[in-house]
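Visitor: First the structure, which I've put down as structure tokens, then a few questions once you've had a look.
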Amino acid sequence: GHSIFFPQSLRAMWIGQAVVVAAALATHVAPPTGGVPFNGIAEWVLTFNQSEVPALSFRRAAESNGVDGDHGAGVLQQAVWESVNITLDLTVPSGARPYNATVRGFYYGLGEWHVRAALRAPGVHGYTLTAVRGNTTLHQSTGTVQCSLTAPPQNTSVGAKGFLRPQYTQWPYRTAYEDGTLFSGLGLGDCVNDRLTWATFNETDGGQYTRSFGEYTTDYGEAGFNIFRWSNGNCVWRIEKSFDASVFPWRPVGNVYNETLVLLLDQLYDGFRARGFSMWAVPFAKDSRTPLYPNMGDSNTTWHMAQQQAIGRHLEYVVARWGAQTDVWSLLNEQRATTPWLAWATAYLRQIDPYSHPITSSWNDHLNMTQIELDSVHWYYSDTTTHSVAAARTMIASELANHKPVYFTESGNRAHNWDPDSHTRMRLRSWTSVFSGANLMWWNTANVRNCTPCGGGNMYLGPTERQYTGVLRNFLSKLTDPLVTNVSVAVSNQSGVEALGLETGPDARGTRLLFAYLHHWANHTSNVTVGVSVPTFDLGGCHGAWVDPIDGTPTDVTVPPRLSGGSALLTPPFVIDLGLWLECPKSSRTSG
């Protein structure tokens with residue numbers, strides 16, 4: 001491994017330093033009031049006067065003269081973004097899991113600093129809030145905040161299910177929520193403008209209409225999509241104006257952010273969270289195939305330490321502002337970093353993240369490193385629909401060989417976003433991913449249906465595609481056990497049908513659930529009927545339903561105690577694919 005060194009100037013910001021208490025206290029501190037729901041966000045608001053934070057005076061004077069308030073006509077003066085170091089030390093209720101790191105504050109904009117903390121255990125949390133500029137303490141206070149299971153829900157927080165927690169002990173390394181239920185990821189990324197509107201193809205007349213943010217999140221949220229990928233600067237605005245890695249003089253301005261756009265990103269997070277989406281976050285924008293300051297991890301020269309501090313401060317800002325709503329950190333998007341760069345960035349991110357979110361990068365990069373905890377894959381692929389399931393199974397099996405949870409963080413058609421078969425290809429890939437243990441996020445381009453080459457490939461997610469996802473999500477409503485295992489499903493007649501199977505462990509009654517997905521790979525034009533059996537199960541006494549993956553139409557199944565003709569269960573006729581779920585009594589398991 002690589003030893004990680006954090007410059008003393010950077011370490012001082014999170015391990016504390018000797019300070020002098022100023023005579024003038026902060027202008028105003030507003031702690032949270034009332035009870036905060038479980039996993040809800042408690043938020044503190046601080047404001048300071050201009051004598052306490054001179055950067056405010058400089059900023060307002062510059063803006064009154066029509067000059068950039070952060071850079072001020074080229075004058076090297078500290079910008080407001082790094083001017084105050086705010087920390088929140090939380091004491092959790094007895095027996096609750098502690099925070100991994102001190103919660104940090106951030107400059108919110110509009111002359112305010114905020115601190116956001118997700119409260120992850122019911123009960124009283126004690127806190128010490130400290131604000132320091134340089135060696136001067138501007139504010140220090142103590143108090144308590146109550147996390148209550150009966151507090152009104154806070155729909156912009158992670159909610160009662162909690163953050164996503166990948167599992168590493170059982171193949172195929174599925175992901176669970178903190179409440180112990182299974183997460184089956186069906187998500188998307190998309191271009192986002194600064195009006196939070198989406199031009200959308202009208203399938204009725206071939207024109208376009210505009211969806212509001214609420215309409216967009218409703219369309220995809222109600223269809224069962226459950227994770228959104230925000231990738232800084234990737235067909236979306238960049239939150240930063242500039243990074244400061246200056247050595248002479250030492251970082252005189254600091255990193256600078258776009259106040260309007262960080263406030264807009266708050267809205268983006270809130271809107272998706274309010275619709276039940278988990279959030280995947282990529283904090284660094286892409287300018288080339290190499291990351292920001294690509295050699296910053298190579299040594300501890302003064303030059304590299306300045307670069308490390310610029311990167312570290314950016315990570316601090318992103319974690320402080322959006323960490324309480326984020327599930328996964330993906331450092332980069334379609335960039336190749338060196339091992340020392342990733343080692344430094346992952347170690348620092350892990351050290352400052354109070355919630356210990358899983359960390360990854362992009363493009364299956366450096367999966368040999370233990371610090372890269374998820375496999376983030378970009379896969380744009382098009383072939384005949386009859387080959388779609390086999391191609392997805394092969395791709396997923398290849399990635400699972402890395403022994404890490406697999407997330408397709410961009411997926412779609414290759415070199416286009418739509419063709420007459422793409423909706424079928426999308427449905428087959430979605431079902432196959434779920435049954436194979438992978439999480440799937442499409443890169444959505446829904447404004448047209450003739451995008452070529454479309455940046456290498458995209459996916460049109462229109463009404464039909466949303467319908468298919470909704471059917472699959474409804475099918476998965478019974479699949480909540482994170483320890484679900486793959487099970488072999490046999491198909492009779494050698495009729496060109498392949499099958500995937502899942503099995504849950506027994507519940508308190510000893511009941512097990514079986515799920516199967518059948519694909520008619522031989523052709524997609526003629527009906528087929530086959531017998532289905534599970535070698536480790538006697539299906540006698542099971543009951544459930546066949547499900548049409550196109551529209552969700554169920555066909556009830558009640559299996560007699562003894563099946564005629566052996567243990568095979570006969571399917572209804574189907575053309576392309578078919579789902580099955582069964583609830584089976586305790587005595588159904590025969591071996592394994």
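The values are calculated or read from the model by the stated rules, or taken from the named source; none is laboratory data. Every value quoted in this text rests on a predicted model; they were computed, and no experiment measured them. Note that we place each Cβ from the backbone using ideal geometry, even for glycine, and neighbour counts take in every protein chain shown. Please note that ligands, DNA and RNA were not included when accessible areas were found on the heavy atoms of the full protein model with its side chains. Shrake-Rupley method; radii C 1.70, N 1.55, O 1.52, S 1.80 Å.
Visitor: Label-point separation (nm) for Tyr381 and Ala274, each offset 7 Å from Cα along Cα-to-Cβ?
Guide: Spacing of the two 7 Å Cα→Cβ label points: 3.8 nm.
Visitor: Something else: Let me check I've understood the local charge: for Phe243, count other residues with C-beta under 12 angstrom from its C-beta, Lys and Arg +1, Asp and Glu -1. What total comes out?
Guide: Local charge sum for Phe243: 0.
Visitor: I'd like the accessible area for Ile550, computed on protein heavy atoms only with a 1.4 Å probe and all protein chains in place. Round to 10 Å², please.
Guide: Ile550 has an accessible surface of roughly 70 Å² with all protein chains in place.
Visitor: Then there's this: Whole angstrom only: what separates the Cα centroid of the range 327-404 from the Cα centroid of the range 491-511?
Guide: Going from one Cα centre to the other spans 30 Å.
Visitor: Using the alpha-carbon atoms, what tilt in degrees (0 to 90, nearest 10) does helix 422-436 show relative to the longest principal axis of the chain?
Guide: Once rounded, the angle reads 90 degrees.
Visitor: Give the aspartates and glutamates reachable from Lys478 as a straight Cα distance under 15 Å; neighbours fewer than 8 places away on the same chain don't count.
Guide: Glu503, Asp507, Glu583
Visitor: A further question follows. For Glu112 paired with Asp551, estimate the spin-label separation in nm (one decimal), with each label point 7 Å from Cα along the Cα-to-Cβ line.
Guide: 5.0
Visitor: In vacuum, with every alpha carbon of the range 146-246 counted as one equal point scatterer, what does the Debye formula give for log10 I(q)/I(0) at q = 0.10, 0.12, 0.16, 0.23 Å⁻¹? Two decimals, please.
Guide: One equal scatterer on each Cα of the range 146-246 leads to -0.48, -0.66, -0.99, -1.26.
Visitor: Once the Cβ-Cβ distance between Ser51 and Asp298 is put in as r, and R0 is 30 Å, what FRET efficiency do you end up with, to the nearest 0.05?
Guide: 0.10
Visitor: Find, to one decimal place in angstroms, the Kirkwood hydrodynamic radius of the range 273-361, where the mean of 1/r is taken over every pair of different Cα atoms and then inverted.
Guide: Details: mean 1/r = 0.0740 Å⁻¹.
Mean inverse Cα-Cα distance, inverted, gives 13.5 Å.
Visitor: Quick one: if you stick a label point 7 Å off each Cα along the C-beta vector at Arg238 and Leu570, how many nm between them?
Guide: 6.5
Visitor: First obtain the Kirkwood hydrodynamic radius of the range 412-530 from its Cα pairs, then insert it into the Stokes-Einstein equation at 20 °C and 1.002 mPa s, and state the resulting D in µm² per second as a whole number.
Guide: Value of D from the Cα-based Kirkwood radius: 132 µm²/s.
Visitor: Shape verdict for the range 303-342, please, from the Cα gyration tensor: rounded (a/c under 1.5), prolate (a/b greater than b/c) or oblate. Could you put the intermediate results ahead of the total?
Guide: Working: a/c = 3.19, a/b = 1.31, b/c = 2.43.
Since a/c reaches 1.5 but b/c is at least a/b, the shape of the range 303-342 is classed as oblate.
Visitor: For helix 339-352, what angle does its Cα long axis make with the longest principal axis of the chain, in degrees from 0 to 90 and rounded to 10?
Guide: 80
Visitor: Between Leu196 and Trp250, what is 0.36 nm times their sequence separation minus the Cα-Cα distance? Round to one decimal in nm.
Guide: Here the answer is 15.7 nm.
Visitor: Which number do you get for Rg(Cα) / (2.2 N^0.38 Å) in the chain? Please list the in-between numbers first.
Guide: Details: Rg = 26.4 Å, N = 592, 2.2 N^0.38 = 24.9 Å.
Relative to the rule-of-thumb radius for its length, the chain sits at 1.06.
Visitor: Relative to the longest principal axis of the chain, what angle (0 to 90°, nearest 10) does the C-alpha long axis of helix 259-274 take?
Guide: Once rounded, the angle reads 30 degrees.
Visitor: Give the relative contact order (percent, whole number) for the range 339-465; include only Cα pairs under 8 Å separated by 6+ residues.
Guide: 23
Visitor: Also, quick follow-up: Going by a ≥ b ≥ c, the root eigenvalues of the Cα gyration tensor, does the range 178-327 fall in the rounded group (a/c under 1.5), the prolate group (a/b larger than b/c) or the oblate group?
Guide: Prolate, since a/c reaches 1.5 and a/b exceeds b/c.
Visitor: Expressed in nm², what is the orientationally averaged projection area of the convex hull enclosing the Cα positions of the range 260-321?
Guide: Spelled out: convex hull of the Cα atoms, projected over all directions, averaged, 5.5 nm².
Visitor: For every other residue with a beta carbon closer than 12 angstrom to the beta carbon of Val115, add +1 if it is Lys or Arg and -1 if Asp or Glu, then tell me the sum.
Guide: Cβ neighbours under 12 Å give a net charge of 0.
Visitor: Name the trypsin sites (Lys or Arg not before Pro) in the range 275-341 that are in a loop by DSSP and that have at most 12 other C-beta atoms within 10 Å, would you? Before the final figure, lay out the partial values.
Guide: On the way: sites: Arg275, Lys286, Arg289, Arg313, Arg321, Arg336; in loops: Arg275, Lys286, Arg289, Arg336.
Qualifying residues, ordered by number: Arg289.
Visitor: If eta is 0.692 mPa s and T is 37 °C, what Stokes-Einstein diffusion coefficient results for the range 74-179, Kirkwood Rh from Cα pairs, in µm²/s?
Guide: 197
Visitor: Return the unpartnered cysteines for the chain, using a Cβ-Cβ cut-off of under 4.7 Å.
Guide: Unpaired cysteines in the chain: Cys147.
Visitor: A further question follows. Would you mind calculating the gained length between Thr394 and Gln77 on full extension (0.36 nm times residue separation, minus the Cα-Cα distance), in nm to one decimal?
Guide: Numbers: separation 317, 0.36 × 317 = 114.12 nm, distance 5.55 nm.
Result for the pair: 108.6 nm of gain on full extension.
Visitor: Could you give me D for the range 330-459, from Stokes-Einstein at 10 °C and 1.306 mPa s, where the hydrodynamic radius is the Kirkwood radius over C-alpha pairs? Units µm² s⁻¹, please.
Guide: 101
Visitor: Heads up, I need the accessible area for His403: 1.4 angstrom probe, whole protein in place, Å², nearest 10.
Guide: Looks like 120 Å² after rounding.
Visitor: What's the carbon and sulfur percent of the chain's accessible surface, probe 1.4 angstrom, rounded to a whole number? It would help to have the intermediate numbers written out before the result.
Guide: Values: 12010 of 22820 Å².
Roughly 53 percent, rounded to a whole number.
Visitor: What number comes out for the charge environment of His519, summing +1 per Lys or Arg and -1 per Asp or Glu over other residues with Cβ under 13 Å away? The partial results should precede the final answer.
Guide: Working: positive: Arg393, Arg425, Arg427, Arg429; negative: Glu498, Asp577.
Computed value for this residue: +2.
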